[in-house]
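Okay, so here's the structure we're looking at.
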Amino acid sequence: MSLLSLTDVHSYYGHIHALKGVSLTVEQGEIVTLIGSNGAGKSTTLRTISGMMRPRQGQIQFAGREISRMEPHAVVLDGLGHVPEGRGIFPKLTVRENLEMGAFTVNDPVAVRERMDYGFELFPRLKERLGQYGGTLSGGEQQMLAIARGLMMNPSLLMLDEPSMGLAPVLVELIFDIVKILNDKGTTILLVEQNALMALSVAHRGYVLQNGEIVVSDTAANLRSNESVQKAYLGMS
Amino acid sequence: MKHFLSAINVRELLRPLGQLLLFSLGSAVVLSAIVLTLALVLDQTTVGQHLHGRYNVSLYTYTLVNLPQVVIDGLTIGFVYAAIALGYTMVYGVLEFINFAHSEIFAVGAFVGVEILIALDNTGILRGASLGMAYAYLIFAIVMGMAAAGALAVTVERIAYRPLRGAPRLVPLISAIGVSFLLQDVIRLVEGLTTGQFNRIMPTFGNFDQRLNLGRFALGEANIALGISVKSIIVITSAVLMLVGLNYLVNATRIGKAIRAVAQDRPTASLMGINVNRIISLTFLVGGLLGGAAGVLYALKFTRIDAFVGFFPGLKAFTAAVLGGIGNLTGALLGGIVLGMLETFAGSYLGVFTMGAAGSEYKDIFAFSILIIVLIFRPQGLMGENVGQKA
Ligand SMILES: Nc1ncnc2c1ncn2[C@@H]1O[C@H](COP(=O)(O)OP(=O)(O)O)[C@@H](O)[C@H]1O
Ligand SMILES: [Mg+2]
């Protein structure tokens, strides 16, 4: 059984029909990417999965449990991590406090220490910034903090919403390398990206979202060689 | 035990104490300097002669002699304002919403405390009580006032504010004003039905009305008496304990960190596994507890309460919160102390400085004028920022 599966999910912002029957699956151990242009509904999909929005119709199963009617703080407890669009760093909490917030549901102080150390191993820069307010970090540092914070609860599925947005090319490389490392260590990943080229280079499979509907789904390799995908999302003509 | 102690963040216990001391001393020194200077200047004018004609002392001496008492009274009421102001500021910091019903939550705390003491008094046990028991009864009344006010605050949020959370900002504000009137009338109704009285009087018991003389010292021909009533000591001590406790909760505990996270970014806080609604309830609970305690302390200090007892202290405390920078915990302390001092100084000296033309009844105009002036130059309040930030 899939780790995550969405079946015919519909979500609305008031009268705006943002998701029009999205179905997708993520298997244990995979990197799955969700690509699509601005406004396609990628962030809405992640928000609906993590419980920040309630779908008006459809099912969402995570780790064998129906979660579509659950509050986000309860979904987190099941092992679903969501690094939101725009990173969601608490600007007036220090880097350390931001990380501690990520471990809010973790009661074992030893585990908290270990995971924080792991975060510093991935992003040594964070360790130098421990006492600094989150709001004073650069965009790249904030993204590192957001990912490290997302790992503090040791999620079985980590959802990343446009982690490369606004970052310099070197940092984009770094972030995608980290995504691969995390996956090698066993974390399943659902990656939302506008940078389709990079996303498809690390992912196993991908879905293309357009106007709230999945229009193509295939292996990453096939998507990269798919002509319409190349035209629309990979900047090739 | 050692481990337990090492888990306590001593710095976060001492820091607010230092701030309170600084704010108290600072406002006392500044205001004292101002009134003494004014007294010196006015001494040679008709104002000084007028006073000399009546009391046979110079205006300067008169001002100086009254100063210690004015400072103590100012601090007492200032700390009460601060405790109430924290309720406004906590809720504003987390929800950016002004809980106008907070003044009635304060009033309910006052009523519950006073009614409990009246009931105890009617059984006769208050009069015969030993000093220790008198304090136990007072503490019991304060705790019950806190519990009632805290429970009420949580209930009001759940019923009147939470369903409106997605609505435009004006909507919950109107709801709060409605709740405020509703609670006033409920208090009036309940008091009318059960006691048939409009006013309730705090029973006299224990040693709370005694004055402790801290000594006298001569200054020129004047004899300055330093004294403080036991009531004032109780009010100030309880307020300090609560303020330090709240500061510790917000700045040094896991829950406090969650409160700050929710204040800064509610959706992201929920992604951390924080139950946002529970934190919001907790915020109202804490504000209600402080408000309820302040209500009983207020009744202890001023003795008489009625259904509208919340209105002026609530308005003043709200003013204090804005003056300090609404949403900022330290700002609420500063604002409360400054406002309490300002109005007490004005109430005490306005009369003599204006030869009775503008008596103490004008103290509020004076205090609010200062508020307006401060806000013209610092619209964000003296401290600015908000609850999300470590105070
Ligand atoms: N808070 C919101 N209120 C109203 N409409 C929204 C909101 N957020 C997104 N939308 C709309 O929903 C659609 C999908 O948005 P989103 O999921 O953010 O797209 P993407 O992440 O793919 O760029 C867009 O048409 C967008 O305008
Ligand atoms: Mg998006």
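The values are calculated or read from the model by the stated rules, or taken from the named source; none is laboratory data. Keep in mind that this is a model prediction, so the values were computed, not measured. Please note: Cβ atoms are built from the backbone with ideal geometry, for glycine as well, and neighbour counts cover all protein chains shown. When the accessible area is computed, the model is the full protein with side chains, heavy atoms only, and any ligands, DNA or RNA have been set aside. Shrake-Rupley method; radii C 1.70, N 1.55, O 1.52, S 1.80 Å.
Rolling a 1.4 angstrom probe over the protein heavy atoms with all chains in place gives the stretch A:192-237 an accessible area of 51 Å² per residue.
Counting Cβ atoms of other protein chains within 10 Å of each Cβ in B:247-257 and taking the mean gives 1. In the calculated pair-distance distribution of the stretch B:258-391, the portion above 27 angstrom amounts to 34 percent of the Cα-Cα pairs. A viscosity of 0.692 mPa s and a temperature of 37 °C, combined with the Kirkwood radius over C-alpha pairs in the Stokes-Einstein formula, give the stretch A:125-207 a diffusion coefficient of 245 µm²/s. Per-residue 3J(HN,Hα) values for the stretch B:285-297, derived from phi via the Karplus relation 6.51 cos²θ - 1.76 cosθ + 1.60 with θ = phi - 60°, read 4, 4, x, x, 4, 5, x, x, 4, 4, x, 5, 5 Hz in sequence order (x marks Gly and Pro).
For the chain pair A and B, buried accessible area totals roughly 2000 Å², probe 1.4 Å, rounded to the nearest 100. Compared with the alpha-carbon gap, the fully stretched path from B:Leu241 to B:Phe181 is longer by 18.5 nm at 0.36 nm per residue. The alpha carbons of chain A stretch over 46, 40, 34 Å along the principal axes, in descending order. Note on the stretch B:257-318: percent of Cα-Cα distances in each 5 Å bin, starting at 0 and stopping at the bin with the largest distance, equals 4, 16, 20, 15, 11, 11, 11, 8, 4, 1.
Among the protein heavy atoms of the protein assembly as shown, carbon and sulfur supply 61% of the accessible surface, probe 1.4 Å, non-protein parts ignored. When exposed loop sites are taken as trypsin sites (Lys or Arg not before Pro) in a DSSP loop with at most 16 other Cβ atoms within 10 Å, the longest stretch of chain A clear of them is A:70-184.
Calculate, in whole percent, how much of the Cα-Cα pair population of the stretch B:97-146 lies beyond 15 Å. Tail fraction, whole percent: 50. Across peptide A:65-78, the average count of Cβ atoms from other chains found within 10 Å of a residue's Cβ is 3. Stokes-Einstein, applied to the Kirkwood radius of the stretch B:7-377 over Cα pairs at a viscosity of 1.306 mPa s and 10 °C, places its translational diffusion at 73 µm² s⁻¹.
With the cut-off at 1.5 for a/c, could you classify the stretch B:177-333 from its C-alpha gyration tensor as rounded, prolate or oblate? Cα axes put the stretch B:177-333 in the oblate bin. According to the calculation over all Cα-Cα pairs in the protein assembly as shown, the P(r) per 10 Å bin from zero is 3, 14, 21, 20, 16, 12, 8, 5, 2, 0, 0 %. Secondary-structure-derived ellipticity at 222 nm for chain A, considering helices only, amounts to -10500 deg cm²/dmol, per-run term -39500 (n - 2.57) for DSSP H runs with n ≥ 4. Calculated over the stretch A:1-126, the projected area of the Cα convex hull averaged across directions stands at 9.3 nm². Which of rounded, prolate, oblate describes the stretch B:63-125, given a ≥ b ≥ c as roots of the alpha-carbon gyration tensor eigenvalues and a/c under 1.5 marking rounded, otherwise prolate only if a/b is larger than b/c? Taking the square roots of the gyration eigenvalues as a ≥ b ≥ c, the stretch B:63-125 is oblate.
For chain B, the solvent-accessible area of protein heavy atoms averages 44 Å² per residue (probe radius 1.4 Å; ligands and nucleic acids excluded). Across the stretch A:176-185, coupling constants 3J(HN,Hα) worked out from phi with the 6.51/-1.76/1.60 Karplus curve, θ = phi - 60°, read 5, 4, 4, 4, 5, 4, 4, 5, 4, 7 Hz, and Gly and Pro carry x.
Once Rg and the Kirkwood radius are both taken over the C-alpha atoms of the stretch A:46-184, their ratio Rg/Rh works out to 0.97.
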